[in-house]
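Notes follow once the structure below has been shown.
The values are calculated or read from the model by the stated rules, or taken from the named source; none is laboratory data. The model shown is predicted, which means the values in this text are computed figures rather than measured ones. Cβ coordinates were reconstructed from backbone atoms using ideal geometry, including for glycine residues, and neighbour counts include every protein chain displayed.
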Amino acid sequence: MSLTREQMLAEMGITPIWRLREPDEPLAASAAPTAGEPVETVREAAEAPVEPVSMRTSPMVSDSPAVAPRQTVVAPSNVAVDALEWPELAARVADCRACPLCEQRRQAVLGVGDLNPDWLFIGEGPGAEEDAKGEPFVGQAGKLLDNMLAALDLARGQKVYIANAVKCRPPGNRTPEAPEMAACRPYLERQIALLKPKVIVLMGKAAVHTMLHDDKALGTLRGRRFEYAGIPVVVTYHPAYLLRNLPDKAKAWEDLLFARRCLREALAAGDSLPL
Ligand code: URA
């Protein structure tokens with residue numbers, strides 16, 4: 001069944017209360033930046049309203065032959081992660097034994113999506129279903145993520161790549177520990193270097209910890225424009241949290257619209273670069 005955009009927004013719990021802000025309307029308190037936070041650039045979340053755009057390219061999802069590569073191409077172990085191309089990176093992650101999470105995984109879950117994305121969404125780590133299928137966000141939280149993407153006129157695999165802070169399932173779906181995230185970080189960094197996304201959306205505390213080294217409450221980090229390697233980074237709630245805290249879906253929607261404004265700025269800035 002295909003949902004209308006209204007139905008998708010309703011599914012996210014953001015109708016009828018959500019509407020796009022007028023250009024000079026004040027910023028909602030929930031999205032207002034707080035002074036004194038560690039942020040490189042802070043943008044007002046309430047800028048000119050923007051219309052949804054369709055950003056579609058060739059899909060690269062898991063059932064497509066163009067999926068994040070899974071060939072068995074093994075680079076010698078003395079080749080640094082930051083020098084690996086996709087096939088070697090996928091093989092290195094699949095064989096990784098850098099932390100104890102490898103002991104109980106069925107398989108490592110590298111990520112899925114368009115290898116030339118505008119958007120990179122980063123979650124926490126695979127759950128049971130992701131561990132079984134080898135693809136991130138395929139359970140209930142993934143369904144919500146797909147609906148959030150659809151509300152933006154996006155879809156996984158179409159200018160969107162989805163990854164996690166850790167590639168192996170933490171037992172019992174516990175939060176990954178700091179050393180586990182640190183062990184996995186080079187893989188995520190390499191993915192970002194290869195993907196070159198135009199905007200990164202951190203979903204939940206683990207993604208924030210791994211990318212921003214910040215353990216503050218998420219609410220204090222939302223509505224701000226961070227940067228990683230010159231790429232705008234936006235913080236929002238994890239979809240699994242949103243499933244348990246339905247009223248916060250509206251805030252997550254604000255975050256996504258903010259991320260889209262950051263993306264559009266990045267694209268516009270890229271357009272104006274001299275050739
Ligand atoms: N939660 C995550 O953070 N990642 C997944 O892939 C699935 C659920």
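Values for this structure:
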{"read-out": "Residue match in the range 177-184 (condition: touching a residue at least 24 places away in the same chain (Cβ under 8 Å), touching a strand residue (DSSP E or B) at 6+ places or on another chain (Cβ under 9 Å) and of a type outside the set (A, V, I, L, M, F, W, C))", "value": "no"}
{"read-out": "Search result, residues across the range 138-156 that are in contact (Cβ under 8 Å) with a residue 60 or more places away in the chain, small (Gly, Ala, Ser) and within 15 Å of the ligand (Cβ to nearest atom)", "value": "141, 142"}
{"read-out": "Those helices (runs of 4 or more DSSP H) lying entirely in the range 157-275 with at least 1 residues more than 25 Å from residue 132 (Cα to Cα)", "value": "178-195, 205-212, 249-271"}
{"read-out": "Some residue of the range 253-267 being of a type in the set (Phe, Trp, Tyr) and within 23 Å of residue 187 (Cα to Cα)", "value": "no"}
{"read-out": "Sole exception among (1) more than 24 Å from residue 171 (Cβ to Cβ); (2) at pLDDT 50 or above; (3) more than 21 Å from the chain's Cα centre (by Cα); (4) of a type in the set (Asp, Glu) for residue 82, by number", "value": "(3)"}
